[in-house]
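Note sheet for the following structure.
The values are calculated or read from the model by the stated rules, or taken from the named source; none is laboratory data. No experiment lies behind these values; they were computed from the predicted model shown. In this analysis, Cβ positions are derived from the backbone assuming ideal geometry, glycine residues included, and neighbour counts consider all displayed protein chains.
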């Protein structure tokens, strides 16, 4: 796992020292090695920077930026099937100097261009500069496990694994994006492609961005979308065949993610998802798998006892740590530095703690994120169905919802009398007005509603288009559950769960891997 950063400056005002500062701001993502490429072109400057966390081929052969022919690349992530791709490239006449996936990716791009991405099974954020075509291409993995940000303003283009990198460039304009702030207040995180800054964006998952370094014109294209798979007909197979195929796919995904030249462990919460990953991996091994859990002294939130029982049953080498109030208070001051923009998921505290715990023994840890979104594990799915059925029984419910506006808390002051009246009122009103279970789910997840945000920010919030609005793209024959899971895959999972895990693990130089997000 690594950190990447880069510059394309049409004004000729950047320096290699600036590129180095931008890259080294990501030292925590890659403390093992650093590299920098800076070139003065006829019409622009191009710089690529890399911080390396050595996981595969720990030698200098894996150093980045890596060059081949007219291509230079920096890359963050892992392509797990690189050996198969390498074999295919060797048959085409390519030779290899290292055992790293980086060299395979670079030469695969040399052979097949951007189409090579369809061969990659893994998590990745990469930048490739083509000195012949004078183009820079950025590519982000299908599920968005690895982050990639970009900025463009007044002839300056930058990219990086984390926003903090941009602060090291003197021409980065730190202007608050009120739309990004509004989305944060709505959901507790900022969904792609928005960020907290103007002119600054997240490259969307399953997309690539191509930049002409002569003109600074850019083109963004989608190469993969989970929606396409939800819209396909269901497989016509029996339940037992489905069970067997699911187990085969899970085993393959888990084993691919054990490939490393450093120690590997697993985050074990004791829930279905992490228990399945741990069980599949331990069942094929004589050595004990290292597993890690965080517990709480408050029994209402503690799952560590169950995780310990699972670990004992499976025979893993288990380590647990109980989070105290002191631990939480000590972590809080570091959160803004780790996350770079507003982020309100309180589970960042135990996630950061378990990452620190694991890093004492391993350099890579698997987690089971994606299980709830893929297998329907969230209670909110059943809640959305329940409330939609409940309110759908009300005659002329849309008319009734409009009539309720006469008792709005901002008009009546009932929020001063009834505890949490404002929140309950707006939530009930939005659920009642929803036309589908997916809209009910979206409204149940909102922290603040549009009118409340307008009052807080003192401006009328425009309709902001996000992947929450993709229900019309889903086939009408799909069940509501399918639609909710598809939307979660592209929203909550991507910009909350995966962001949380990436920043927490990388803050302590730990590589996190997500077997349940294998695109197969």
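A compact table of results
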item: Residue count, region 1-14 (criterion: in a loop (DSSP other than H, G, I, E, B) and crowded, with 16+ Cβ neighbours inside 10 Å); result: 3
item: Top-ranked residue of region 81-101 - restricted to ones that are surrounded by 14 or more Cβ atoms within 10 Å (Cβ to Cβ) and modelled with pLDDT under 95, ranked as farthest from the chain's Cα centre (by Cα); result: 98
item: Which listed residue is touching a strand residue (DSSP E or B) at 6+ places or on another chain (Cβ under 9 Å), closer than 20 Å to residue 44 by Cβ and at pLDDT 95 or above, from 148, 211; result: 211
item: Test: residue in region 362-384 that is part of a loop (DSSP other than H, G, I, E, B) and more than 20 Å from residue 488 (Cβ to Cβ); result: yes
item: Matching residues in region 15-70 - criterion: being modelled with pLDDT under 95, under 25 Å from residue 98 (Cα atoms) and part of a loop (DSSP other than H, G, I, E, B); result: 30, 32, 53, 54, 55, 56, 57, 58, 59, 63, 64
item: Residue within region 176-190 that is within 22 Å of residue 13 (Cα to Cα) and either touching a strand residue (DSSP E or B) at 6+ places or on another chain (Cβ under 7 Å) or modelled with pLDDT of 95 or more (or both) present; result: no
item: Single residue of region 128-145 satisfying the filter (out of contact with any helix residue (DSSP H, G or I) (no Cβ under 7 Å at 6 or more places or on another chain) and outside any strand (DSSP E or B)) that is surrounded by the fewest Cβ atoms within 10 Å (Cβ to Cβ); result: 132
item: Residues (closer than 23 Å to residue 477 by Cβ, surrounded by 13 or more Cβ atoms within 10 Å (Cβ to Cβ) and out of contact with any helix residue (DSSP H, G or I) (no Cβ under 7 Å at 6 or more places or on another chain)) located in region 217-245; result: 224, 225, 231
item: Matching residues, region 358-380, being surrounded by 21 or more Cβ atoms within 10 Å (Cβ to Cβ) and more than 22 Å from residue 78 (Cβ to Cβ); result: 372
item: Among (1) surrounded by fewer than 22 Cβ atoms within 10 Å (Cβ to Cβ); (2) touching a helix residue (DSSP H, G or I) at 6+ places or on another chain (Cβ under 9 Å); (3) at pLDDT below 90, the one test that residue 508 misses; result: (3)
item: Residue match in region 395-417 (condition: assigned by TED's automatic domain parsing to the domain that holds residue 455, under 30 Å from residue 514 (Cα atoms) and modelled with pLDDT of 70 or more); result: no
item: Residue satisfying condition, being surrounded by 13 or more Cβ atoms within 10 Å (Cβ to Cβ), on the phi < 0 side of the Ramachandran plot, over 20 Å from the mean Cα position of the chain (by Cα) and touching a residue at least 24 places away in the same chain (Cβ under 8 Å), within set 297, 214; result: 214
item: Any hit, region 190-200, residues being farther than 28 Å from residue 457 by Cβ and touching a helix residue (DSSP H, G or I) at 6+ places or on another chain (Cβ under 6 Å); result: no
item: Sole residue being within 20 Å of the chain's Cα centre (by Cα) and either touching a residue at least 24 places away in the same chain (Cβ under 8 Å) or surrounded by fewer than 21 Cβ atoms within 10 Å (Cβ to Cβ) (or both), chosen from 518, 450; result: 518
item: Among the residues listed as 441, 432, the single one being surrounded by 13 or more Cβ atoms within 10 Å (Cβ to Cβ), at pLDDT 90 or above and not assigned by TED's automatic domain parsing to the domain that holds residue 511; result: 441
item: Condition met for residue 347 (in contact (Cβ under 8 Å) with a residue 60 or more places away in the chain and in contact with a strand residue (DSSP E or B) (Cβ under 8 Å, 6 or more places away or on another chain)); result: no
